[in-house]
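Inspection log for the structure reproduced underneath, given as structure tokens.
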Amino acid sequence: MGQITLNAVRKCFGEVDVIPSIDLRIEDGEFVVFVGPSGCGKSTLLRLIAGLEDVTSGGITIDGTDATELPPAKRGLAMVFQSYALYPHMSVRKNIAFPLKMAGMTPEQQEAKVQSAAKVLNLTNYLDRRPGQLSGGQRQRVAIGRAIVREPKAFLFDEPLSNLDAALRVNMRQEITELHQSLKTTMIYVTHDQVEAMTMADKIVVLNAGRIEQVGSPLTLYEHPANTFVAGFIGSPKMNLITGIEAEKLGATTIGVRPEHLDIVDSGGWSGVVGLSEHLGSDTFLKVGTKEVGTINVRAGGGITLRHGDAVRLAPRPGKVHRFGSDGKALS
Amino acid sequence: MATQHSRLAARFMVAPSVGFLFVWMIVPLVTTVYFSFLVYNLLHPERQGWAGFDNYYYFLTDRAFLTAVWHSVALVVGVLCITVVGGILLALLLNLPFWGQGVVRVLVIAPFFVMPTVSALVWKNMFMNPVNGMFAHIAKGLGLQPYDFLGHAPMLSIIGIVSWEWLPFATLILLTALQSLDSEQQEAAEMDGANWMNRFIYLTLPHLTRAITVVILIQTIFLLSIYAEIAVTTGGGPASTTITYLVAQQSLYGNDVGGASAGGIVAVILANIVAVFVMRMIGKNLDA
Amino acid sequence: MARKSSTPAKVVVTAAAWGIGFLIFFPILWTILMSFHTEGDAIKSPFEMLTSPWNFDSYAEVQTRSNYSLHFFNSVVISVGSTLLALVIAIPAAWAMAFVPGKRTKDLLMWMLSTKMMPAVGVLIPMYLGFKNMGLLDTRTGLVGVMTLINLPIVVWMLYTYFKEIPGEILEAARMDGASLRSEILYVLTPMALPGIASTLLLNVILAWNEAFWTLQLTTHDAAPLTQFIASYSSPEGLFYAKLSAASTMAIAPILILGWFSQKQLVRGLTFGAVK
């Protein structure tokens, strides 16, 4: 079980309203990702759920019971911290066993659970080492091990991969996804990296300035961003957001076209000059200065040979243009 | 960043420390203030009542008071000058590469760990004694008349002894500060054509400013309360009594509790003037 | 400094540094040397003393003529006892200030420090009278109490600076793992801060060992630590240099050894973290 509901949760630090008011329902077994730029309140929200911070007003229920006033230890949640927060003076075995010791289990029970967790996480050979003797990825696994032995109602991850190098990050991302598939426990995952959000989540919650901008599956957010913020945040390279006459022609204040939805055409469309071209082999990223819509990003196929200074004509693919009103919200 | 639970717990955790220190500071201090306004003489228990500011008046107008203030200032300023200048020079020397740095460091720091009564007695007897002291032996060896340091120049002798005790402290702190000096910055200055003197004046000295301030302020606090060195070497005497010693003497051996209390409060006020500067400085540093 | 220096320069610096180091250390060295000679030889000229026969007579005499071991025991009880007591009171306070800082935490720390700066003479009379009334004069209990309070601000400060270096996330992890506050401090914070706690202990034992105001004022014999015992040599009868040297050597030896271990922490502790 692991169903979490936030009711009008509000958090102020002194005078600053970090989270004005949030309502959210997280279903049992879901993998939910909180994503947003730094300072958007996503980590604070996670800490509120964990009980490491008090809500200023509103309520949190876990599996139907009110957990608003419960201390972290009593909420039955486990957390993996950005810095891993391993106990440096304890061996890996003791680190993983610590929550079990706190729960008053016998040493035999602890050992059995540690062994099975170590097996899942490939840590069996490292149990007697100290965290300081482990690599970043191994430390990450220990932190996860410490979380899973508690058999929590939900796992909370606070930017757990941000301290790893790029290659390891992709691996750990897959491991966490696989872990979720085998445990089927609710996971709440905070990140500022929209790629992590898109690849891992069942449900993405996009946050900005303490407000939820949109909640939905990765593809929903990609295909139907609710507003210009989500449109600009989700997707890489970023969606081109265009204002002015070209937008007004379509009856909108702003129109958005993803770089991958711009086609290079022989005639018509917007004419421009290539400013920068990056050939990655599989793709070619172009920065094109146009007369009509300013500088826009284009993601073209790998075989394109355009270079700096070449003239080019671009046309948005029909049906892939997003229209937004003056309030930034999507127009249907 | 915390919850109600932890904030409440924090209050309970701080309470004993705060409570003990509060009682330790306030109760005796208030009592002293109270005594200082009383006619309270152990030899004349029948005379009682309020003294108003009389005790302060007598203490402040006593000639011993002004002399004691002068001695306190001389002690503090003298020791500070010697230890700061000596400490800078010594730290600069010890910061250069040489063989046996660890051992020399240990030798230099040693006097700081010697208890004040021991250092005072060792200096008084084994070195400054006009008959059997090391200095007397050296003087005799050179065919000179031995000098009675503590007899003829008690304040200077005490300043010398206390400087020996505190030079290690100043050196150690300044050396620590020197070691955090950015060597790339020094090298950049060298590339820019700054010579040794310029680098010392424009880079090293500004870098040491904070450490020097710390040394001055913290030493001042300790130096103002120097007691054992005077008690052991000269036992007071008009030529070497500082404020602290004067008040302690009056408190313990005099019978005028009221007068001694007034002296104590004066000492507190004088020390507080210094303390304000120390606190400001450390306070500024607290968030950094 | 990555800079290389020429060998001749290094030789000069080495000679100067060793020379000055020797001069500064000399009074201590001389005291130690003198303690191994007889009273008669001790007052002879330095050269004659060094060439006179070496022996342990002075040590033996100090032991038999005065109750040296009592005073040594008092010093240990007072310095270690007061520091441990201060640690027990200060660890929770430092935890609170380092990990649950509030608006007034800084003021509180400064206030604690300010109690340290109050001159002892200002409160000597009430303390003395109070001790007298409570029968605490010349008792170890009384002195341990006073030294605890004298050390407490420094202990809180030092622990605070050490605790601040421990990431709060680790304590939060312990909280998430179901640790109570007691377990959090006992199983996570204290072991992690052990080096810092040890330095704090060391420095404060040294400070308390050498404290020479209250120990001189509030004790006479029974509870007198070594500071008071040594001070009794200031008005001696007869020849006493060798005995004074032996007693002094025994009084400072343990603390010199401890002190050499704690030089680095000393800077930090005595400047309240202002110089690192």
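The values are calculated or read from the model by the stated rules, or taken from the named source; none is laboratory data. Computed from a predicted structure; not experimentally measured. Counting neighbours? That spans all protein chains shown, and the Cβs are built from the backbone with ideal geometry, glycine included.
Kindly check whether there is at least one residue in region B:106-128 that is surrounded by fewer than 20 Cβ atoms within 10 Å (Cβ to Cβ) and farther than 28 Å from B:LEU217 by Cα.
No - not one qualifying residue is present in region B:106-128.
Pick from A:PHE81, A:PHE98: which is touching a Pro at 6+ places or on another chain (Cβ under 8 Å) and crowded, with 16+ Cβ neighbours inside 10 Å?
Working: A:PHE98 fails: touching a Pro at 6+ places or on another chain (Cβ under 8 Å).
One residue alone meets the criteria, A:PHE81.
Return yes or no: is C:GLY81 under 30 Å from B:GLN250 (Cβ atoms), more than 9 Å from chain B (Cβ to nearest Cβ), within 23 Å of the chain's Cα centre (by Cα) and not basic (Lys, Arg)?
Working: under 30 Å from B:GLN250 (Cβ atoms): no; more than 9 Å from chain B (Cβ to nearest Cβ): yes; within 23 Å of the chain's Cα centre (by Cα): yes; not basic (Lys, Arg): yes.
Spelling it out, it is not the case that C:GLY81 is under 30 Å from B:GLN250 (Cβ atoms), more than 9 Å from chain B (Cβ to nearest Cβ), within 23 Å of the chain's Cα centre (by Cα) and not basic (Lys, Arg).
Can you pull out the residues in region B:1-47 that are in contact with a Phe, Trp or Tyr (Cβ under 9 Å, 6 or more places away or on another chain), among the small types (Gly, Ala, Ser) and more than 9 Å from chain C (Cβ to nearest Cβ)?
B:SER36
Here's a check for you: in region A:1-48, which residue that is over 30 Å from C:LYS103 (Cβ atoms) and among the hydrophobic types (A, V, I, L, M, F, W, C) is modelled with the lowest pLDDT?
Looking at residues that are over 30 Å from C:LYS103 (Cβ atoms) and among the hydrophobic types (A, V, I, L, M, F, W, C), I get A:MET1.
Which of (1) touching a residue at least 60 places away in the same chain (Cβ under 8 Å); (2) closer than 30 Å to C:ILE197 by Cβ; (3) not polar (S, T, N, Q) does C:GLY40 not meet, given it meets every other one?
Of the numbered conditions (1) touching a residue at least 60 places away in the same chain (Cβ under 8 Å); (2) closer than 30 Å to C:ILE197 by Cβ; (3) not polar (S, T, N, Q), the odd one out for C:GLY40 is (2).
Say whether the condition of being within 12 Å of another protein chain (Cβ to nearest Cβ), touching a Phe, Trp or Tyr at 6+ places or on another chain (Cβ under 7 Å) and within 24 Å of B:VAL114 (Cα to Cα) is met by at least one residue in region C:5-28.
Yes, region C:5-28 contains at least one residue that is within 12 Å of another protein chain (Cβ to nearest Cβ), touching a Phe, Trp or Tyr at 6+ places or on another chain (Cβ under 7 Å) and within 24 Å of B:VAL114 (Cα to Cα).
Looking only at region B:122-139, filter to residues that are not hydrophobic (A, V, I, L, M, F, W, C) and not in a helix (DSSP H, G or I); which one of those is farthest from the other protein chains (Cβ to nearest Cβ)? Before you say what the answer is, go through the steps one by one.
Filtering region B:122-139 down to residues not hydrophobic (A, V, I, L, M, F, W, C) leaves B:124-125, B:129-130, B:132-133, B:137.
This time we only want the ones that are not in a helix (DSSP H, G or I), so: B:129-130, B:132-133.
Numbers: B:ASN129: 9, B:PRO130: 12, B:ASN132: 4, B:GLY133: 9 Å.
Across region B:122-139, the extreme among qualifying residues is B:PRO130.
Please go through region C:26-45 and pick out each residue that is at pLDDT below 90, more than 18 Å from C:VAL62 (Cα to Cα) and in contact with a helix residue (DSSP H, G or I) (Cβ under 6 Å, 6 or more places away or on another chain).
Listed by number, the list holds a single entry, C:SER45.
Let me spell it out: the conditions are (1) away from chain B (no Cβ under 14 Å); (2) part of a helix (DSSP H, G or I), and C:VAL88 meets all of them except one. Which number is the exception?
(1)
Answer yes or no: is there a residue in region C:128-149 that is more than 19 Å from the chain's Cα centre (by Cα), aliphatic (A, V, I, L, M) and in a helix (DSSP H, G or I).
Going through region C:128-149, the residues more than 19 Å from the chain's Cα centre (by Cα) turn out to be C:128-139.
Still in the running and aliphatic (A, V, I, L, M): C:129, C:134, C:136-137.
From the residues that got through so far, the ones that are in a helix (DSSP H, G or I) too are C:129.
The answer is yes; a qualifying residue exists.
Has region A:307-323 got at least one residue that is modelled with pLDDT under 90 and surrounded by 15 or more Cβ atoms within 10 Å (Cβ to Cβ)?
Looking for residues that are modelled with pLDDT under 90 and surrounded by 15 or more Cβ atoms within 10 Å (Cβ to Cβ), one finds none in region A:307-323, hence no.
How do the pairs read when you match residues in region B:77-92 that are under 16 Å from C:VAL13 (Cα atoms) with residues anywhere that are among the aliphatic types (A, V, I, L, M) and surrounded by fewer than 16 Cβ atoms within 10 Å (Cβ to Cβ), using Cβ under 9 Å and keeping only pairs 6 or more apart or on different chains?
Here the result reads B:ILE88/B:LEU205, each pair linking region B:77-92 to a residue that is among the aliphatic types (A, V, I, L, M) and surrounded by fewer than 16 Cβ atoms within 10 Å (Cβ to Cβ).
Identify, from the list B:ALA153, B:ALA189, the residue that is touching a Lys or Arg at 6+ places or on another chain (Cβ under 7 Å), away from chain C (no Cβ under 12 Å) and on the phi < 0 side of the Ramachandran plot. If you could, list the steps in order and put the result at the bottom.
Working: B:ALA153 fails: touching a Lys or Arg at 6+ places or on another chain (Cβ under 7 Å).
The unique qualifying residue is B:ALA189.
Quick one: which helices (runs of 4 or more DSSP H) sit completely within region C:188-258 and have at least 1 residues that are touching a residue at least 40 places away in the same chain (Cβ under 8 Å), facing chain B (nearest Cβ under 8 Å) and under 13 Å from C:TYR68 (Cα atoms)?
Details: elements: C:194-210, C:214-218, C:226-231.
Hits in region C:188-258: C:226-231.
Here are some residues: C:VAL11, C:VAL62. Which one is surrounded by fewer than 17 Cβ atoms within 10 Å (Cβ to Cβ) and among the aliphatic types (A, V, I, L, M)? Lay out the reasoning, then the answer.
Numbers: C:VAL62 fails: surrounded by fewer than 17 Cβ atoms within 10 Å (Cβ to Cβ).
Step by step, each of C:VAL11, C:VAL62 is checked, and only C:VAL11 is surrounded by fewer than 17 Cβ atoms within 10 Å (Cβ to Cβ) and among the aliphatic types (A, V, I, L, M).
Quick check: anything in region A:163-170 surrounded by fewer than 20 Cβ atoms within 10 Å (Cβ to Cβ) and at positive phi?
No; the residues of region A:163-170 include none that is surrounded by fewer than 20 Cβ atoms within 10 Å (Cβ to Cβ) and at positive phi.
Could you pull out every one of the strands (runs of 3 or more DSSP E) wholly within region A:195-295 that has 3 or more residues that are surrounded by fewer than 18 Cβ atoms within 10 Å (Cβ to Cβ) and touching a residue at least 12 places away in the same chain (Cβ under 8 Å)? Steps first, please.
Details: elements: A:203-208, A:211-216, A:240-243, A:254-257, A:262-264, A:270-279, A:283-290.
Because the criterion is at least 3 residues that are surrounded by fewer than 18 Cβ atoms within 10 Å (Cβ to Cβ) and touching a residue at least 12 places away in the same chain (Cβ under 8 Å), the strands (runs of 3 or more DSSP E) in region A:195-295 that meet it are A:270-279, A:283-290.
With (1) within 9 Å of chain B (Cβ to nearest Cβ); (2) surrounded by fewer than 19 Cβ atoms within 10 Å (Cβ to Cβ); (3) at pLDDT 90 or above as the list, and C:GLY135 as the residue in question, which single condition is left unmet?
The single condition C:GLY135 does not satisfy is (1).
Say we look at region A:59-100 and pick out the residues that are more than 10 Å from every other protein chain (Cβ to nearest Cβ) and in a loop (DSSP other than H, G, I, E, B); which of these is farthest from C:SER180 (Cα to Cα)?
Out of the qualifying residues, it is A:GLY64.
Kindly indicate whether any position in region A:202-214 is at pLDDT 90 or above, of a type in the set (A, V, I, L, M), closer than 18 Å to A:GLN82 by Cβ and under 12 Å from the mean Cα position of the chain (by Cα).
Looking only at region A:202-214, we keep the residues that are at pLDDT 90 or above, and these are A:202-214.
Now drop any that are not of a type in the set (A, V, I, L, M), which leaves A:204-207, A:209, A:212.
Among the residues that remain, those that are also closer than 18 Å to A:GLN82 by Cβ are: A:207.
If we keep only those that are under 12 Å from the mean Cα position of the chain (by Cα) too, we end up with A:207.
The answer is yes, given that some residue of region A:202-214 is at pLDDT 90 or above, of a type in the set (A, V, I, L, M), closer than 18 Å to A:GLN82 by Cβ and under 12 Å from the mean Cα position of the chain (by Cα).
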